[in-house]
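**Student:** Before I ask anything, here is the structure I am working with.
The values are calculated or read from the model by the stated rules, or taken from the named source; none is laboratory data. These numbers come from a predicted model, not from an experiment. Glycine also receives a Cβ, built like all others from the backbone with ideal geometry; neighbour counts cover every protein chain displayed. Accessible surface is based on the protein model in full, side chains and every heavy atom, while ligands, DNA and RNA are left aside. Shrake-Rupley method; radii C 1.70, N 1.55, O 1.52, S 1.80 Å.
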Amino acid sequence: MAAVQVSEAEKVYILHGIRDDLRVDGRGCEDYRHMEIETDVVSNTDGSAKVTLGHTAVLVGIKAEIGKPRPMVPDEGYLEFFVDCSANATPEFEGRGGEELGTELSNTLYKVFNNKHSVDLKSLCISTGEHCWVLYVDVLLLQCDGNLYDAISVAIKAALFNTKIPRVHISADDEGGKEIELSDDPYDCMRLNVENVPCIVTLCKVGHRHVVDATLQEKACSVASLIISVTHKGMVTCTRKVGGGSLDPESIFEMTEAGKRVGKALHAPLMKLLQQEESLGKKHQKVGFLG
């Protein structure tokens with residue numbers, strides 16, 4: 001992941017500020033930076049969203065294609081994730097610099113989102129054991145200024161909310177086989193229920209406290225981080241520890257409780273915002289270079 005060099009004096013300044021619940025940019029320890037969300041920004045996808053969190057920018061596009069169900073779960077569809085770390089986000093991603101991070105992000109996203117507790121995978125089944133919808137989720141990192149997991153998870157939830165899957169009609173052909181027809185009507189589509197889709201909250205241990213939505217400078221002062229995915233009811237669906245340092249049991253408990261609290265509070269305004277933008281239809285103003 002992108003990293004910055006921080007002097008000892010800067011580290012002391014950041015640590016003392018966090019100790020007093022006052023970060024360099026004026027936020028408290030459990031506050032997010034300003035977040036902007038746009039949906040339906042990429043025309044050749046079935047669903048898309050762009051999220052800007054501080055100076056971190058993420059673009060997500062979802063493409064629905066008909067595939068074969070997995071043998072273990074013949075009555076469910078599934079999601080596939082690919083994360084592209086653009087060299088424009090940070091010079092460290094030039095060449096093959098972002099491949100390892102991209103793989104790490106994809107694996108974590110797969111654990112968080114590709115399960116029956118997050119998305120109703122049975123609704124993606126077309127014909128048991130034969131056909132299902134496969135959602136290809138492509139994530140592009142446009143700018144990197146810390147807290148990638150949280151920004152990506154919000155962008156994925158927004159893109160899934162925006163996804164429109166064509167209605168499928170199955171009929172029998174002359175030989176007794178099944179013939180699949182997709183509706184041409186853009187309004188005759190299936191929408192996903194994203195209520196249970198979790199948001200990821202990353203908490204960084206800095207000194208004796210932990211912070212939400214850490215910047216690159218704060219990340220440089222952190223010994224370890226805890227990634228927690230939380231549903232709208234405050235249920236934890238996945239946890240993962242990253243970083244070279246260690247976390248004691250008391251810190252893990254405190255960070256988990258803080259993650260549940262912050263994650264639960266994030267869902268309601270996010271869903272309200274997505275529904276407001278949906279109600280605007282074609283009138284909603286597009287900003288940035290995608291406008």
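**Student:** Hey, among the residues in the range 112-148 that are surrounded by fewer than 17 Cβ atoms within 10 Å (Cβ to Cβ) and either assigned to a helix (DSSP H, G or I) or at positive phi (or both), which one's modelled with the lowest pLDDT?
**Tutor:** GLY129
**Student:** Further question: State the number of residues belonging to the range 1-11 that are surrounded by 13 or more Cβ atoms within 10 Å (Cβ to Cβ) and either at pLDDT 90 or above or in a helix (DSSP H, G or I) (or both).
**Tutor:** Adding up the residues that qualify gives 2.
**Student:** Ok, one more. Suppose we keep only residues that are part of a loop (DSSP other than H, G, I, E, B) and among the hydroxyl-bearing types (Ser, Thr, Tyr) within the range 38-69. Which one would you say is least open to solvent (accessible area, probe 1.4 Å)?
**Tutor:** If we take residues in the range 38-69 being part of a loop (DSSP other than H, G, I, E, B) and among the hydroxyl-bearing types (Ser, Thr, Tyr), then THR45 is least open to solvent (accessible area, probe 1.4 Å).
**Student:** For the range 12-37, which residues satisfy the criterion of being part of a strand (DSSP E or B) and of a type in the set (Asp, Glu)?
**Tutor:** Quick first cut of the range 12-37, residues part of a strand (DSSP E or B) only: 35-37.
Correct list: GLU36 only.
**Student:** Go through (1) under 27 Å from SER7 (Cβ atoms); (2) of a type outside the set (Asp, Glu); (3) modelled with pLDDT of 85 or more one by one and return the number of the condition LYS272 breaks.
**Tutor:** Failed condition: (1).
**Student:** Checking ALA151 against (1) buried (at least 24 other Cβ atoms within 10 Å of the Cβ); (2) assigned to a loop (DSSP other than H, G, I, E, B); (3) not hydroxyl-bearing (Ser, Thr, Tyr), which test does it fail?
**Tutor:** For ALA151, the failing item is (2).
**Student:** Looking at the range 12-25, which of its residues are open to solvent by 40 Å² or more (accessible area, probe 1.4 Å) and either closer than 20 Å to PRO269 by Cβ or in contact with a Cys (Cβ under 8 Å, 6 or more places away or on another chain) (or both)?
**Tutor:** Residues satisfying the conditions are LEU15, ASP21.
**Student:** Which pairs have Cβ atoms under 9 Å, sit 6 or more apart or on different chains, and link a residue in the range 89-115 that is of a type in the set (Phe, Trp, Tyr) to one that is part of a helix (DSSP H, G or I) and open to solvent by 90 Å² or more (accessible area, probe 1.4 Å)?
**Tutor:** Short answer, once both residue conditions are applied: PHE93/GLU99.
**Student:** Also, I was wondering about something else. Would you point out the residue of the range 94-108, among those that are open to solvent by 70 Å² or more (accessible area, probe 1.4 Å), in a helix (DSSP H, G or I) and not charged (D, E, K, R), that is farthest from SER118 (Cα to Cα)?
**Tutor:** Ranking the candidates gives THR103 first.
**Student:** For a quick check of your reading: which strands (runs of 3 or more DSSP E) sit entirely within the range 195-257 and have at least 2 residues that are open to solvent by less than 20 Å² (accessible area, probe 1.4 Å)? Full working, then the answer.
**Tutor:** Values: elements: 199-206, 209-212, 224-230, 236-242.
Once the strands (runs of 3 or more DSSP E) in the range 195-257 are filtered for at least 2 residues that are open to solvent by less than 20 Å² (accessible area, probe 1.4 Å), what remains is 199-206, 209-212, 224-230.
Let's see how each residue does on (1) charged (D, E, K, R); (2) farther than 21 Å from ASP120 by Cα; (3) under 17 Å from the mean Cα position of the chain (by Cα):
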residue	(1), (2), (3)
VAL51	no, yes, yes
GLY54	no, yes, yes
VAL58	no, yes, yes
GLY61	no, no, yes
ILE66	no, no, no
VAL83	no, yes, yes
GLU94	yes, yes, no
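**Student:** With more than 23 Å from GLN276 (Cα to Cα) and of a type in the set (Asp, Glu) as the only criterion, which of ASP40, ASP84 stands out?
**Tutor:** Answer to the selection: ASP84.
**Student:** Of the residues in the range 28-37, how many are surrounded by fewer than 17 Cβ atoms within 10 Å (Cβ to Cβ) and either within 26 Å of GLU10 (Cβ to Cβ) or of a type outside the set (Asp, Glu) (or both)?
**Tutor:** 3
**Student:** Answer yes if at least one residue in the range 70-93 is assigned to a helix (DSSP H, G or I) and open to solvent by less than 20 Å² (accessible area, probe 1.4 Å), and no otherwise.
**Tutor:** Keep residues of the range 70-93 that are assigned to a helix (DSSP H, G or I), which gives 91-93.
Next, only the ones that are open to solvent by less than 20 Å² (accessible area, probe 1.4 Å) stay: 93.
Yes, some residue in the range 70-93 is assigned to a helix (DSSP H, G or I) and open to solvent by less than 20 Å² (accessible area, probe 1.4 Å).
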